[in-house]
Amino acid sequence: MNDTLPRAEALVRTLLLRRSGEERLKMGADMFSASRALIAASMREEGLVPGSVEWKLRLLDRTYGPEVSPAQRQRLLDRWRTESRGTDSSR
């Protein structure tokens, strides 16, 4: 759905393109950081423990979704589980 008037969309595009590449990159990084903070807050409300395997997996899914192939997702999950066991056994 796009409810923006074409004239308004063109103006926004023009204004964004007037910014330097550095400014646009910083804007993108700031938006990514803000979205991760919102995701993290909702995950804490769900009772997930920051840094846990479940936390990492949910963050991956919410941030990248279908961009991560099932094989890549499984490799990461296996690695996180292995790392988690190593941390638990050293206590």
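Give the label of the value calculated from the structure for volume of the Cα convex hull per residue in Å³, choosing from (1) 83; (2) 94; (3) 157. Calculated volume of the Cα convex hull per residue in Å³: the matching label is (3). Ordering A41, W80, P6 by Cα displacement along the dipole of the chain toward the positive end leaves W80 in first place; charges were set at the Cβ atoms of Lys, Arg (+1) and Asp, Glu (-1).
Per residue, the chain exposes 81 Å² of accessible surface when a 1.4 Å probe is rolled over the protein heavy atoms with every protein chain present. Taking θ as phi - 60° and the Karplus parameters 6.51, -1.76 and 1.60, the scalar couplings of the range 16-23 work out to 5, 6, 6, 6, 6, x, 4, 5 Hz in sequence order, x denoting glycine and proline. About its Cα centre, the chain has a charge dipole of approximately 220 debye under the convention of +1 per Lys or Arg Cβ and -1 per Asp or Glu Cβ, with nothing else charged.
Of the GluC sites (Glu not before Pro) found in the range 22-52, those that fall in a DSSP loop while having at most 10 other beta-carbon atoms within 10 Å are E46. On full extension, the segment bounded by S35 and V49 gains 3.2 nm, given 0.36 nm per residue less the C-alpha separation. Measuring nothing but protein heavy atoms, the accessible surface of the chain at 1.4 Å probe radius is 57 percent carbon and sulfur. Couplings for the range 67-75, taken from phi via the Karplus curve 6.51 cos²θ - 1.76 cosθ + 1.60 with θ = phi - 60°, read 5, 9, 5, x, 5, 5, 4, 5, 4 Hz in order; Gly and Pro are left as x.
The values are calculated or read from the model by the stated rules, or taken from the named source; none is laboratory data. Since this is a predicted model, take the numbers as computed values, not measurements. Every residue, glycine as well, gets a Cβ built from its backbone with ideal geometry; the counts of neighbours run over all protein chains shown. All accessible areas refer to the heavy atoms of the entire protein, side chains included, with ligands and DNA or RNA removed. Shrake-Rupley method; radii C 1.70, N 1.55, O 1.52, S 1.80 Å.
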